[in-house]
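Visitor: Below is a structure I'd like to ask you about.
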Amino acid sequence: MQLKVVTTKPTKSNVDMVAVGVAEGKLTKAAGLTSFAKGIREWAVARAKEQGFEGKRGQTLELALPGSSSPHWLLLVGLGKGPHPVAACRELGFRAVSAVRRQSTLYIALPATTGQELQVAATSALLGTYRYDAYRTASAPRKSKLRSIQLGVIAEIPDSKQAIHRATVIADATAKARDLVNMPPNDLTPTALAETAKSWAKELGLTCKVLGKAQLQKERMELFLAVSRGSAQAPQLIHTVYAPKGAKKKVVLVGKGLTFDAGGLCIKPAKSMVDMKCDMGGAATTLGAMHAIAQLGLPIEVHAIVGAAENMTGASAYRPGDVFKARSGKTVEIINTDAEGRLVLADVLDYACELKPDVIVDHATLTGACMVALGHHTAGLFSNRSELAEQYKEAACLAGESFWQLPLDRDLRKVLDSPIADLKHCGDGYGGSITAALFLEEFVGQCPWVHNDIAGPAFLDSAHKDQPKGGTGFGVATAVAFVEQLASQEV
Ligand code: BES
Ligand code: MN
Ligand code: ZN
């Protein structure tokens, strides 16, 4: 896709289609329309009235313009009431691109005035053509013919080239993360995930170490190994390192990589199991973010560490009542084998802490409880440092993703007390995403840490805004923005 930023007026841009954002009830004031001749503007306003287009969020109206000169098409995109500029840019970028069918060139009239807004618009425009067709044998249905996009801004934006470059890298990394989540679990096994990580590392000039079963035993990762025992698939700990010269800070990204979660012996009902290929969503976000960070050459040392396994019911499966010793030395009594993610993460977080990073950020499709609390479009964020939580949320705002902080409520810690071991791995069900986070906290010691429970937004049953049905790549853009922010801070 060719993507460029222009200050040319839409009527002078020589494209097939012009997309214009319209705030609710403000059609006559839409900035992108002003360069059109008065007659055309009045005509468009009349058509919009006829069709009931008011500029409500999600509304679009495609109009074939009278006359033979370009543009031939005008697309009105509703932005809702008082749209936030970042949200408006994201909405406009995506809606414009997804409305395109036959047209091959598009101009999007953007309200962007900052590089960040431009970046968000470009990212969502690039992701507007995303689809997952890898497993279709029939000719792929209706592909967009779009080949070039002009992002029209009113005044020159400094660093616009950089914004477009970042958008390209982030959109590509997000699409890669989506592909990983969408890939069926018979093909995306822990080993296949490790092979993918290795090939990305090779392409980017990074080192990638993979620990198999024997090495996990050597590391005494009994919790991680216990989870994988019911499966014929070998567990894999994937550790990719990006270490640019002169880096002054070190970040470890950790991801839950359950390539399938049947629940183990505490088996899930069929309805809850059907989409459980998504349980490596945290791993996808982690590896996707790493891909973008390395491509952008950010001046920070970054480690991406993924615990990949499959939670099945085989003859050697771990049981409720079993007790295992974590890598950290703590003993853990197993309660529900479906709470497997925190066990894998416990050993991986302990391993990550040994690297003595400035911060650990984990992503995990950890609890259904988080989805109950926050729904499908917002991730639950936890941190053992309040200023770090603030910083992460700020990055999320810049990236246009939704995170909501939940408390590491120490009063709930007692539900993890075990009658026979150091701790149980799950509580009584109440505050389930909090007790899961409290369990993880036992394994990060004093290391500054952010935990993102992405069970809701990692995978969607139906498309929502610029998020497609299926894998979303949620969290990639925020993780990259966070690392960029760290890089720009003084040490
Ligand atoms: N992978 C699931 C959480 C999940 C649920 C992710 C729905 C995405 C969509 C996790 O391993 C799990 O099964 N958690 C249990 C924990 C419980 C047994 C304490 C849950 O949330 O029910
Ligand atoms: Mn589970
Ligand atoms: Zn799981």
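The values are calculated or read from the model by the stated rules, or taken from the named source; none is laboratory data. Keep in mind it's a predicted model, so treat the numbers as computed, not measured. A quick note on method: Cβ atoms are made from the backbone with ideal geometry, for glycine too, and the neighbour counts reach across all protein chains shown. For the accessible areas, the whole protein counts, side chains as well, though only heavy atoms, and no ligand, DNA or RNA atoms are used. Shrake-Rupley method; radii C 1.70, N 1.55, O 1.52, S 1.80 Å.
Visitor: State all residues of region 54-78 that are open to solvent by 20 Å² or more (accessible area, probe 1.4 Å) and either more than 18 Å from residue 36 (Cα to Cα) or among the aromatic types (Phe, Trp, Tyr) (or both); if no residue qualifies, say none.
Guide: Within region 54-78, 54, 56, 57, 58, 59, 60, 73 qualify.
Visitor: Take region 364-418 and flag every residue that is within 16 Å of ligand 3 (Cβ to nearest atom) and not in a strand (DSSP E or B). Give the derivation first.
Guide: Start the filter on region 364-418 by keeping residues that are within 16 Å of ligand 3 (Cβ to nearest atom), which leaves 364-372, 379-380.
Selection gives 365, 366, 367, 368, 369, 370, 371, 372.
Visitor: Moving to a separate point now. Residue 240 is checked against (1) touching a Gly at 6+ places or on another chain (Cβ under 9 Å); (2) more than 15 Å from ligand 1 (Cβ to nearest atom); (3) open to solvent by less than 10 Å² (accessible area, probe 1.4 Å) and fails just one. What number does that condition carry?
Guide: Unmet condition: (1).
Visitor: Where in region 145-251 are the helices (runs of 4 or more DSSP H), entirely inside, with at least 2 residues that are closer than 24 Å to residue 398 by Cβ?
Guide: Working: elements: 160-182, 190-204, 213-218, 222-228.
Once the helices (runs of 4 or more DSSP H) in region 145-251 are filtered for at least 2 residues that are closer than 24 Å to residue 398 by Cβ, what remains is 160-182.
Visitor: Something else about it: Anything in region 274-304 that is within 16 Å of ligand 1 (Cβ to nearest atom), in contact (Cβ under 8 Å) with a residue 12 or more places away in the chain and hydrophobic (A, V, I, L, M, F, W, C)? List them, or say none.
Guide: Within region 274-304, 276, 278, 280, 283, 284 meet the criteria.
Visitor: Are there any pairs, at least 6 apart or on different chains, whose C-beta atoms fall under 8 Å, with the first in region 127-138 and not assigned by TED's automatic domain parsing to the domain that holds residue 464 and the second part of a loop (DSSP other than H, G, I, E, B) and crowded, with 17+ Cβ neighbours inside 10 Å, and if so, which?
Guide: 127/466; 128/466; 129/144; 129/146; 130/468; 131/468; 132/468; 134/183
Visitor: I've got another one for you. Would you check which residues across region 234-258 are in contact with a His (Cβ under 9 Å, 6 or more places away or on another chain) and basic (Lys, Arg) and list them? Before the answer, list the steps.
Guide: To start, the set of residues in region 234-258 that are in contact with a His (Cβ under 9 Å, 6 or more places away or on another chain) comprises 239-243, 250-256.
Of everything in region 234-258, those that are in contact with a His (Cβ under 9 Å, 6 or more places away or on another chain) and basic (Lys, Arg) turn out to be 250, 256.
Visitor: Is there any pair with a first residue in region 252-264 that is without any contact (Cβ under 8 Å) to a residue 60 or more places away in the chain and a second that is within 12 Å of ligand 2 (Cβ to nearest atom) and among the hydrophobic types (A, V, I, L, M, F, W, C) whose Cβ atoms are under 9 Å apart and which are 6 or more apart or on different chains, and what are they?
Guide: Partner pairs satisfying both residue conditions: 262/273; 262/276; 262/312.
Visitor: Which condition number in (1) in contact (Cβ under 8 Å) with a residue 12 or more places away in the chain; (2) open to solvent by less than 50 Å² (accessible area, probe 1.4 Å); (3) closer than 17 Å to residue 59 by Cβ; (4) not in a strand (DSSP E or B) is the one that residue 22 fails?
Guide: Residue 22 satisfies every listed condition except (4).
Visitor: Under 7 Å between Cβ atoms, which residue pairs at least 6 apart in sequence (or on different chains) link something in region 1-18 that is farther than 18 Å from residue 124 by Cα and in contact (Cβ under 8 Å) with a residue 12 or more places away in the chain with a partner that is among the β-branched types (Val, Ile, Thr) and assigned to a strand (DSSP E or B)?
Guide: 10/18; 13/6; 15/105; 16/105
Visitor: Pairs needed: first member in region 328-341, more than 16 Å from residue 440 (Cβ to Cβ); second member anywhere, outside any helix (DSSP H, G or I) and within 11 Å of ligand 3 (Cβ to nearest atom); C-beta distance under 7 Å; at least 6 residues apart or different chains.
Guide: 337/263; 337/264; 338/263; 338/264; 338/268
Visitor: Look at residue 39 and say whether it is part of a helix (DSSP H, G or I) and free of Cβ contacts under 8 Å to residues at least 12 places away in the same chain. Give the derivation first.
Guide: On the way: part of a helix (DSSP H, G or I): yes; free of Cβ contacts under 8 Å to residues at least 12 places away in the same chain: yes.
When the stated conditions are applied, residue 39 passes them.
Visitor: Assess whether residue 447 counts as being open to solvent by less than 20 Å² (accessible area, probe 1.4 Å), over 19 Å from the mean Cα position of the chain (by Cα), touching a residue at least 40 places away in the same chain (Cβ under 8 Å) and away from ligand 2 (no atom under 16 Å from the Cβ).
Guide: On the way: open to solvent by less than 20 Å² (accessible area, probe 1.4 Å): yes; over 19 Å from the mean Cα position of the chain (by Cα): yes; touching a residue at least 40 places away in the same chain (Cβ under 8 Å): yes; away from ligand 2 (no atom under 16 Å from the Cβ): yes.
Taking the combined requirement at face value, the residue satisfies it.
Visitor: Could you list all residues from region 468-489 that are of a type in the set (D, E, K, R) and touching a residue at least 40 places away in the same chain (Cβ under 8 Å)? Explain how you work it out, then say what you get.
Guide: At the first step, the residues of region 468-489 found to be of a type in the set (D, E, K, R) are 469, 484.
Matches in region 468-489: 484 only.
For every residue, the table says whether it meets (1) away from ligand 1 (no atom under 12 Å from the Cβ); (2) in contact with a strand residue (DSSP E or B) (Cβ under 8 Å, 6 or more places away or on another chain); (3) at positive phi.
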site: 322; (1), (2), (3): yes, yes, no
site: 327; (1), (2), (3): yes, no, no
site: 332; (1), (2), (3): yes, yes, no
site: 347; (1), (2), (3): yes, yes, no
site: 355; (1), (2), (3): yes, yes, no
site: 364; (1), (2), (3): no, yes, no
site: 367; (1), (2), (3): no, yes, no
site: 373; (1), (2), (3): no, yes, no
site: 378; (1), (2), (3): yes, yes, no
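Visitor: Can we say residue 195 is crowded, with 17+ Cβ neighbours inside 10 Å and either of a type in the set (Asp, Glu) or not assigned by TED's automatic domain parsing to the domain that holds residue 301 (or both)?
Guide: So residue 195 does not fit the description; no.
Visitor: Scan region 42-57 and tell me whether some residue there is small (Gly, Ala, Ser), more than 36 Å from the chain's Cα centre (by Cα) and assigned to a loop (DSSP other than H, G, I, E, B). Walk me through how you get there before you give the answer.
Guide: First, pick out the residues of region 42-57 that are small (Gly, Ala, Ser): 44, 46, 48, 52, 55.
Subsequent filtering for residues that are more than 36 Å from the chain's Cα centre (by Cα) retains 44, 46.
Filter once more, keeping what is assigned to a loop (DSSP other than H, G, I, E, B): none.
Looking through region 42-57, none of the residues is small (Gly, Ala, Ser), more than 36 Å from the chain's Cα centre (by Cα) and assigned to a loop (DSSP other than H, G, I, E, B).
Visitor: Looking at (1) within 16 Å of ligand 1 (Cβ to nearest atom); (2) of a type in the set (A, V, I, L, M, F, W, C); (3) within 21 Å of residue 205 (Cβ to Cβ), which is the one condition that is false for residue 253?
Guide: Unmet condition: (1).
Visitor: While we're on this one: Would you pick out the residues in region 366-380 that are open to solvent by 10 Å² or more (accessible area, probe 1.4 Å) and under 15 Å from the mean Cα position of the chain (by Cα)?
Guide: Within region 366-380, 366, 376, 377, 378 meet the criteria.
Visitor: In the list 148, 160, which residue meets the criterion of being in contact (Cβ under 8 Å) with a residue 40 or more places away in the chain, buried (at least 20 other Cβ atoms within 10 Å of the Cβ) and in contact with a strand residue (DSSP E or B) (Cβ under 9 Å, 6 or more places away or on another chain)?
Guide: Numbers: 148 fails: buried (at least 20 other Cβ atoms within 10 Å of the Cβ).
Sole residue among the options that is in contact (Cβ under 8 Å) with a residue 40 or more places away in the chain, buried (at least 20 other Cβ atoms within 10 Å of the Cβ) and in contact with a strand residue (DSSP E or B) (Cβ under 9 Å, 6 or more places away or on another chain): 160.
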